[in-house]
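Structure first, then comments.
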Amino acid sequence: MPATAETADQVQSIEGEKYKYGFITEIESDMAPKGLSEDIVRFISAKKNEPEWLLDWRLKAYRRWLEMPEPKWAKVDFPPIDYQQYHYYSAPKSQEDGPQSLEDVDPELLATYEKLGIPIREQEMLAGVQNVAVDYVFDSVSVATTFKKKLEAAGVIFCPISEALERCPDLVRKYLGTVVPMADNKHSCLNSAVFTDGSFVYIPPGVKCPMELSTYFRINEQNTGQFERTLIIADKGSYVSYLEGCTAPMRDENQLHAAVVELIALDDAEIKYSTVQNWYPGDADGKGGIYNFVTKRGACRGKNSKISWTQVETGSAITWKYPSCILQGDNSVGEFYSIAITNNAQQADTGTKMIHIGKNTTSRIISKGISAGKSDQTYRGLVKISAKAEGARNYTQCDSLLIGDKCGAHTVPYIESRNKAAIVEHEATTSTISEDQLFYLRQRGIPQEAAVALVVNGFCREVLQQLPMEFAVEAQKLVGISLEGSVG
Amino acid sequence: MSILPFIEGEPIAGRQLIGQDLAWLTTRRQAGIERFQKTGLPTQKLESWKYTRLRPLDDTRYLPVDAGGTDISIDTVPSVGDVAARLVFVNGRLRADLSDISELPEGVRFDTLENVLAEDPLWVEANMGSVAKDADQAMLALNDAMMDSGFVLHVQKGKALTKPVEVVFIGGLTDQAIAYFPRNLIVLEEASQATLVKHHVGHGRAEYFANSVSEIAVGDAANFKHYKVQAESIHATHVATVHTRIGRDANYEGFGLSIGGLLSRTETNITLAGQGANAGLHGAYMMRGNEHCDNTSYIDMAVPNTTCNQVFKGVLDDASRGVFQGKIHVARDAQKADGRMLNKTLLLSNDAEIDSKPELEIYADDVQCAHGMTTGQLDTTALFYLRSRGIPEALARNMLVQSFLGDALEEISDENVREVFLDRVVHWLPAHCFLAGEWKESA
Amino acid sequence: MLEIKDLHATVGGTEILKGLHLVVEPGEVHAIMGPNGSGKSTLSYVLAGREGYDVTGGRIIYNGEDLTNLEPEERAAKGIFLAFQYPVEIPGVPNSTFLNEALNAVRRYRGEEEMDKIEFIKMLRAKTKELSMSDEMLKRAVNVGFSGGEKKRNEVLQMAILEPTLAILDETDSGLDIDALKIVADGVNALRSPERSSLVITHYQRLLDYIVPDKVHILAKGRIQHTGGKELAHELEAKGYADFVGEAA
């Protein structure tokens, strides 16, 4: 994902600055042995110099994890995961590891970068090319520093969780695990035991975060976290927009990704969380792709608070995620906008849960699923209105677009309402791209692939409009690329 | 000590069972017991039973019905009026005095399962278990084991019944808790036509448990209308499992009105097995008190060019609970399928609950499928409008409820049946506003 | 410019065009009239290259090039435009976006530079105004919620923007009242030029009062049965098809 225009300018003004970041704990370049055990958990905690309470928390999670069964109700099929085959801790990639120039990089990967319009410099960064020209230090660490200064001026804390544990441990302790309890599900449990890093964001009362925060600028993000843990707290009356992910296809030797994201919005606060995910989906048969099992939940704790999830999911061999909102505060609002595209042999079981607890809460769900190839995709949603949720309102629209006769699109909504004044409206439709539509566009000179992309983008328009602009433009391109070869 | 924990005594040995001389039936019963014992009663861990717990079967032990307990005086037997024939069962036993199958047209067999087992066991053997053959449901296994009543409707090729046939199951009016297990077989041969109306009613204070299974085969180009009123007593547990197969160019129209029972669950499985097949599966549910009503359905659009449509509307008052689980499955090559589903519920109190899961599972791309679900309360603006025109609140509420459900009842194509059902709806409404009748005429 | 020689075409296994001959010179407007089922729409789809409409014999030569094996978008790039009888809806895609994509796609095909965004919007607005259409239409999704008349006007707007050399109008007048008809006809007439030809396919003579043809052809039973000047259309109106088509039409 290229930087926003603003950031690019900033970057250009940095010339040959070296950055020393005192907070990073010196990490020896070694790796924990393969496998998962209590010792590994201790090892991780020790490496990160964590306080006692966090080690205890991790151990508790690990022990619970041992007892929990794998969730089996999702409509996804995969061979059992061998948890013992992974390294649960490894140092950031060293300088000698990466390709020496773009010529060493997989040409297919480069072709995709071109199509997405990613500038050369960023291609190098994304591909991990080493020894980038010294006079143009495109160093994520440096860039992050510049932003850090601006953020600090506003009182915003945006740093890795490991750093947050040193800067503001009380805040972390107060909120960690309060939205997604460790034993929520097997994957979040594993994450609680072995998470290695992730973002911590705190926006003080009344502050509108001066820029969009992005994982792009997180320190050490070169080592794309398998078990990322993100915690965002928006204090009273604050606002933050957070961008996660990348349109560029991301490969990783680690097949299993089990992240946890917790969002907390206090009175009158708003959190906008956008994700564009294009993890490696595997080959045409789905082999070798990434398993993306994420637990994301937002708690609208305060009155008039608001949390919006916007996601464009096009990658991964298997996606399993349900960004959810717990609408506790009166008048709180939860939103979920999603585009999920599956092609070839991908599988996705994704959706949302909106739990209405406070009074006059509102939730809005717009889900657009596109299946092509031999893929299988399920929308799974829960709208739950508790007895005391007076005046709750929900509107859900799930639409599926099927391309080709070998794929599947399924909708499994659960609606549970215990309040008579609550209004729930749910609609779902299924359709395909008609021959008529394609012929119409082609007769106007638009080639077949572009025509498919145009129709699909039209189908997804409502969701694309929710994304911050730069993300939206790339997401549109990504939509087109993801469906290459699916029609005709 | 019993094999089935909630049934008193041995289910098979030492009992007078229908068709007990037939070896194949005894084998079926035995197989049913074995299957049932493996799983026991369905629990909430099963996805399909997630929202319904068979609690009365935890707490109560039921006597299977033997002779006696059926010589009860029945004042009125519900009926839709002008019917071709009628069968009435009380606690699972035929009441010949209240039944009449003397004027059936040629080519139509409509009789008790017991009689048909005696007269034409080969036919029953050939047809029983044929539509439900791959089903793996505990309640079906239980019925296989315990079936003790029920009817057969068999219409031969090309024959048409111009008037409906009617079956009434009356339960209750005993001193102890009893259970009965109707097994119904409906076979419409090619190009035949029939309308069936079933009433399930209960009286008295005793608890009872009715577990019925219906197998319906609608032949190519045949036309079947299937109407049911479930008005069991408030001490009753009613579980019905229906398996239907619809042939090429055949048409099925089903409507279930649920207005009674402490706990009721109707699970309908429909397979659209031939091109051009169409199924309409509709219902209305009205619950109060602590009643629990579960309508679960699974429609398999298995071949190309089939259509289905579902409209389910409900009204829930007091602390009642409604469950709607509708799943439409479009098979891989079932192109040009058109499937629609709509579920709307009005909650009249804050203790009522609706759990709805309208599901689509689609493997073909050239299809049109849609579902909609809403829940809410009576439109306060409409209510005010009516009252501002002088209509008392109680009547105004009833008019709105009636108009809300009226839509669903429009799906009943038989006018006479629709009128009768609408009447039941009106009589369920609180304060028995008979003024509604006058209003209907004048409006 | 356009030469159709002994064209045979089948749709779904049935032969609809049974040896059609037609020659259209640059700058000419030809009207094609015929009873229902005569093959009018089939002709337009075959010219535009729609899948499912198979040429089983004969040739279509456009500006010296044989079109028969070209894809629809390639024919569009060569200047062929089909105004549909029932324009389809494309939800979520704004009209302006669609037109921009189409224009640039054709330019790319021809090796030309894409039009600058701002220039495009200006041009779009100007042409929209000429056609007495409001800017609103440009923001709405293609044909979604458009009335019959609006859809036809949208077709004409597209024609004005894409500037084809051969415009095929497939029953453009169906479903229109006189006022809408006039606007559409004005739009088509404004595009008349020595380099541009049109095939106006219509069932009724009425449209031809506004878009005056150079030649009128009567298409029936898969072939052109008669050709004449614009008076032929009036004759047809007066006498009906039966007279012209020989045995029962």
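The values are calculated or read from the model by the stated rules, or taken from the named source; none is laboratory data. Note that the structure is predicted; figures quoted are calculated from it, not measured. Note that we place each Cβ from the backbone using ideal geometry, even for glycine, and neighbour counts take in every protein chain shown. Note: accessible area is taken over every heavy atom of the protein model, side chains too, but ligands, DNA and RNA are not part of it. Shrake-Rupley method; radii C 1.70, N 1.55, O 1.52, S 1.80 Å.
For residue A:484, the stated conditions hold: it is farther than 30 Å from residue C:159 by Cβ, open to solvent by 20 Å² or more (accessible area, probe 1.4 Å), more than 13 Å from chain C (Cβ to nearest Cβ) and out of contact with any strand residue (DSSP E or B) (no Cβ under 8 Å at 6 or more places or on another chain). Just a yes or no: is a residue in the stretch B:69-92 farther than 28 Å from residue B:138 by Cα, of a type in the set (D, E, K, R) and under 23 Å from the mean Cα position of the chain (by Cα)? Yes, the conditions are met somewhere in the stretch B:69-92.
Looking across the stretch C:26-78, the residues that are charged (D, E, K, R) and in contact with a Leu (Cβ under 7 Å, 6 or more places away or on another chain) come down to C:40, C:75.
In the condition set (1) buried (at least 21 other Cβ atoms within 10 Å of the Cβ); (2) in a helix (DSSP H, G or I); (3) out of contact with any Pro (no Cβ under 9 Å at 6 or more places or on another chain); (4) within 14 Å of chain A (Cβ to nearest Cβ), residue C:101 is compliant with all but (1). Look at the stretch C:170-199: where a residue is of a type in the set (Val, Ile, Thr) and a partner is modelled with pLDDT of 85 or more and in a loop (DSSP other than H, G, I, E, B), sitting 6+ places away or on another chain with Cβ atoms under 6 Å, you get C:188/C:211. Give the stretch C:112-123 a look and list any residue that's more than 14 Å from chain A (Cβ to nearest Cβ) and either modelled with pLDDT under 85 or farther than 17 Å from residue A:444 by Cα (or both), or say none. Result: C:113, C:116, C:118, C:119, C:121, C:122, C:123.
Looking across B:284, B:334, one residue alone is modelled with pLDDT of 95 or more and open to solvent by less than 30 Å² (accessible area, probe 1.4 Å). It is B:284.
Selection of the stretch A:282-305 for residues being outside any strand (DSSP E or B) and either under 13 Å from the mean Cα position of the chain (by Cα) or over 30 Å from residue A:359 (Cα atoms) (or both) yields A:282, A:283, A:284, A:285, A:286, A:287, A:288, A:289, A:290. Of the set (1) in contact with a Leu (Cβ under 6 Å, 6 or more places away or on another chain); (2) more than 30 Å from residue C:70 (Cβ to Cβ), all apply to residue A:418 but (1).
Please tell me if residue C:199 is buried (at least 21 other Cβ atoms within 10 Å of the Cβ) and within 16 Å of the chain's Cα centre (by Cα). In short, yes. Would you check which residues across the stretch A:380-392 are facing another protein chain (nearest Cβ under 9 Å) and under 20 Å from residue A:323 (Cα atoms) and list them? Across the stretch A:380-392, the qualifying residue is only A:385.
Taking the stretch C:132-152 as the range and being touching a residue at least 12 places away in the same chain (Cβ under 8 Å) and of a type in the set (Ser, Thr, Tyr) as the test, only C:132 passes. Only residues that are modelled with pLDDT of 90 or more and within 12 Å of the chain's Cα centre (by Cα): list them for the stretch A:230-257, please. Passing the criteria: A:230, A:242. Of all the numbered requirements in (1) surrounded by fewer than 19 Cβ atoms within 10 Å (Cβ to Cβ); (2) at pLDDT below 90, residue A:466 misses one, and that requirement is (1). In the stretch A:449-463, of all residues being open to solvent by 30 Å² or more (accessible area, probe 1.4 Å) and touching a residue at least 24 places away in the same chain (Cβ under 8 Å), the one that is farthest from the other protein chains (Cβ to nearest Cβ) corresponds to A:449. Have a look at B:360, B:347 and point out the one that is at the interface with chain A (Cβ under 9 Å from one of its Cβ atoms), surrounded by 20 or more Cβ atoms within 10 Å (Cβ to Cβ) and under 23 Å from residue A:75 (Cβ atoms). So the residue among B:360, B:347 that is at the interface with chain A (Cβ under 9 Å from one of its Cβ atoms), surrounded by 20 or more Cβ atoms within 10 Å (Cβ to Cβ) and under 23 Å from residue A:75 (Cβ atoms) is B:360. Against the list (1) open to solvent by 10 Å² or more (accessible area, probe 1.4 Å); (2) in contact (Cβ under 8 Å) with a residue 12 or more places away in the chain; (3) among the acidic types (Asp, Glu), the condition residue C:155 fails is (1).
Residues that are open to solvent by 10 Å² or more (accessible area, probe 1.4 Å) and touching a helix residue (DSSP H, G or I) at 6+ places or on another chain (Cβ under 6 Å) within the stretch A:170-191 comprise A:182, A:183, listed in sequence order.
Selection over the stretch A:309-323 of residues that are under 13 Å from the mean Cα position of the chain (by Cα) and assigned to a strand (DSSP E or B) gives a count of 8. Of the residues making up the stretch C:49-87, those that are aliphatic (A, V, I, L, M) and either more than 13 Å from the chain's Cα centre (by Cα) or surrounded by fewer than 23 Cβ atoms within 10 Å (Cβ to Cβ) (or both) are C:55, C:60, C:61, C:67, C:70, C:77.
You will find that of B:314, B:390, B:326, the residue that is open to solvent by 50 Å² or more (accessible area, probe 1.4 Å) and more than 9 Å from every other protein chain (Cβ to nearest Cβ) is B:390 and no other. A Cβ distance below 6 Å, combined with a sequence gap of six or more or placement on separate chains, defines the contacts here; from the stretch C:115-131, residues that are without any contact (Cβ under 8 Å) to a residue 24 or more places away in the chain reach residues that are not hydrophobic (A, V, I, L, M, F, W, C) in the pairs C:120/C:100. The set of residues in the stretch A:400-448 being without any contact (Cβ under 8 Å) to a residue 12 or more places away in the chain and more than 7 Å from chain B (Cβ to nearest Cβ) consists of A:434, A:435, A:436, A:439, A:440, A:442, A:443, A:444, A:445, A:446, A:447.
Would a scan of the stretch A:337-358 turn up a residue that is open to solvent by 10 Å² or more (accessible area, probe 1.4 Å), within 14 Å of chain B (Cβ to nearest Cβ), farther than 30 Å from residue A:433 by Cβ and touching a His at 6+ places or on another chain (Cβ under 9 Å)? No; the residues of the stretch A:337-358 include none that is open to solvent by 10 Å² or more (accessible area, probe 1.4 Å), within 14 Å of chain B (Cβ to nearest Cβ), farther than 30 Å from residue A:433 by Cβ and touching a His at 6+ places or on another chain (Cβ under 9 Å). Is one or more of the residues making up the stretch C:125-132 modelled with pLDDT of 85 or more, open to solvent by 70 Å² or more (accessible area, probe 1.4 Å) and either part of a strand (DSSP E or B) or closer than 27 Å to residue A:451 by Cα (or both)? For the stretch C:125-132, residues modelled with pLDDT of 85 or more, open to solvent by 70 Å² or more (accessible area, probe 1.4 Å) and either part of a strand (DSSP E or B) or closer than 27 Å to residue A:451 by Cα (or both): present. Within the stretch A:359-379, work out how many residues are charged (D, E, K, R) and open to solvent by less than 30 Å² (accessible area, probe 1.4 Å). The qualifying residues number 1. In the set (1) open to solvent by 20 Å² or more (accessible area, probe 1.4 Å); (2) touching an Asp or Glu at 6+ places or on another chain (Cβ under 8 Å), residue B:203 fails one condition alone, (2).
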